[in-house]
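S.K.: I have a structure here, written as structure tokens, and I will follow up with some questions on it.
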Amino acid sequence: MADVGLNPGSQCADCDFLNVCPAVAKIRGALGLPDRAVATRAVTAADLATYDRCPTQFHVLRRSHLPPAPPDGGPDGGGDHRRERGMAAHAWLRWAHERSPHRACVPEDIPDPATQSAAAAALTAELGVPAEAYAAARPYLVHHLEQCLLGFGGVHDVRCEPLHVVYDPDADMVVVTEPDLTAHLDSGGVVWRETKTSDRVPTDVIDALHSHPGFALDVPLLAAGVGGERDAGGAELEVLSAHRAALYFVPLDDGILVSTAQRVVAGIGHAMSSDLRYELRPSGACRFCDAYGWCLPPEVASTGPPEFDDDKFANMPDPF
């Protein structure tokens, strides 16, 4: 029989080989949940964000596998351009950071469709994204240049979207995560960076942890040694708006920030791990939801559409 490579991912939650599989790291207490899940479950950063937004949305789209926008009703569509913008931004970031040799992003990497149409068209073809999505993402991406991790000295072993699969036996949950960018520091330690395009910039790092559960998830995983270091380095969140960039950092030696991140993850993860009802959490953003039409949310005053940047995980295997 030919050798078959191991391919860890969300599907590991359904595997009888999980407890002894050499491809999945076993780290007790990585999620900090007080109880075990009602059944072995898997979770991604996108799952945390979706469940925190609305358990019904999570159940419909991530567990029941129902298609978005059913024929008898669908979302308003106002959030689609945000999703496309986020996907285009992540495609560009992946392209820019995977180049060999690694190098910092520069203005020439982001041609302006208005004045450099040929270069912009070639780039969008290489990225595989619509020209309109790239044009929408570009005002956000230009602010990345000043914050590009590869532009800072003292980093090595840079990896773009490395896959980490961890099983927490105490919580009976499989964690699947792909940080946007990771790097080791010459001074010691490792940094995981997440990048989001958003019209809302968090007021401070505490707000950032609560607003972006995927960023918060990186912290307890790093603190548990998933990145190879327990006490040095930390997690970063880069938020790109159309007007500026903001960078938030949680160093692993900052006990207050680390415990805050752990509480954010444990709060969402514990509710998710024991949920059997997935009740509605209606808001004014319901009309922008892909699950709209499968549920019947009550009328709530309209608000702006949510950000969809974490939908970079949409093509990953569903966790159930």
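S.K.: Skipping prolines and chain starts, which residues have an amide H placed within reach, meaning under 5 Å, of the one on Lys196, given they are 5 or more residues away or on another chain?
M.R.: Counting only residues 5 or more places away or on other chains, the set is Glu238, Val239, Leu240.
S.K.: Oh, and also: How big is region 103-145 by Rg and Dmax over its Cα atoms, in Å?
M.R.: Both quantities, over Cα of region 103-145: 9.7, 27 Å.
S.K.: Run the numbers on the chain and let me know its relative contact order in percent, using alpha-carbon pairs under 8 Å that are six or more apart.
M.R.: This gives 30 percent for the chain.
S.K.: If you build the Cα gyration tensor of the chain and take the root of 5 times each eigenvalue, what three semi-axes come out, in whole angstrom, biggest first?
M.R.: So the equivalent ellipsoid measures 29, 27, 19 Å along its semi-axes.
S.K.: Could you tell me which of rounded, prolate or oblate describes region 9-164, using a ≥ b ≥ c as the square roots of the eigenvalues of the alpha-carbon gyration tensor, with rounded for a/c under 1.5 and, failing that, prolate when a/b is larger than b/c and oblate otherwise?
M.R.: Here region 9-164 falls in the oblate category.
S.K.: Using a Gaussian network for the chain with springs between C-alpha atoms less than 10 Å apart, which of these wobbles most: Gly214, Gly234, Gly128?
M.R.: Looking only at Gly214, Gly234, Gly128, the biggest GNM fluctuation is shown by Gly128.
S.K.: Could you pull out every residue, at least 5 positions away or on a different chain, whose amide H is within less than 5 Å of the one on Ala25? Hs are placed 1.01 Å off N in the peptide plane, and Pro or chain starts have none.
M.R.: The answer is Val165, Tyr167.
S.K.: Let me ask you something else. Kindly provide the helix-only [θ] at 222 nm of the chain, computed as the sum of -39,500 (n - 2.57) over DSSP H runs of four or more divided by all residues, to the nearest 500 deg cm²/dmol?
M.R.: -9000 deg cm²/dmol
S.K.: I need the shape label for region 24-66. Rule: rounded when a/c is under 1.5, else prolate if a/b > b/c, else oblate, with a, b, c from the alpha carbon gyration tensor.
M.R.: Judged from the Cα gyration tensor, region 24-66 comes out prolate (a/c at least 1.5, a/b above b/c).
S.K.: Please tell me the relative contact order of region 128-183 in percent, rounded to the nearest whole number, where contacts are Cα pairs under 8 Å and at least six residues apart.
M.R.: Rounded, it is 29 percent for region 128-183.
S.K.: Springs between alpha-carbon pairs under 10 angstrom, Gaussian network model over the chain: which of Phe152, Phe249, Phe58 fluctuates most?
M.R.: Maximum among the listed residues: Phe152.
S.K.: Rounded to the nearest 5, what % of the DSSP beta bridges within the chain are antiparallel ones?
M.R.: That works out to approximately 55 percent antiparallel.
S.K.: Determine the relative contact order of region 132-291: mean sequence separation of Cα pairs under 8 Å and six or more apart, normalised by residue count, in whole percent.
M.R.: Over region 132-291, the number comes to 20 percent.
S.K.: Okay, moving on. Which residue, Leu276, Leu237, Leu127, has the most motion in a Gaussian network model of the chain that connects Cα atoms within less than 10 Å?
M.R.: Result for the chain, Cα springs under 10 Å: Leu276 fluctuates most.
None of the figures in this text is laboratory data; all of them are computed from the coordinates on show. It should be emphasised that the depicted structure is a prediction, and the values quoted were computed from it without experimental measurement.
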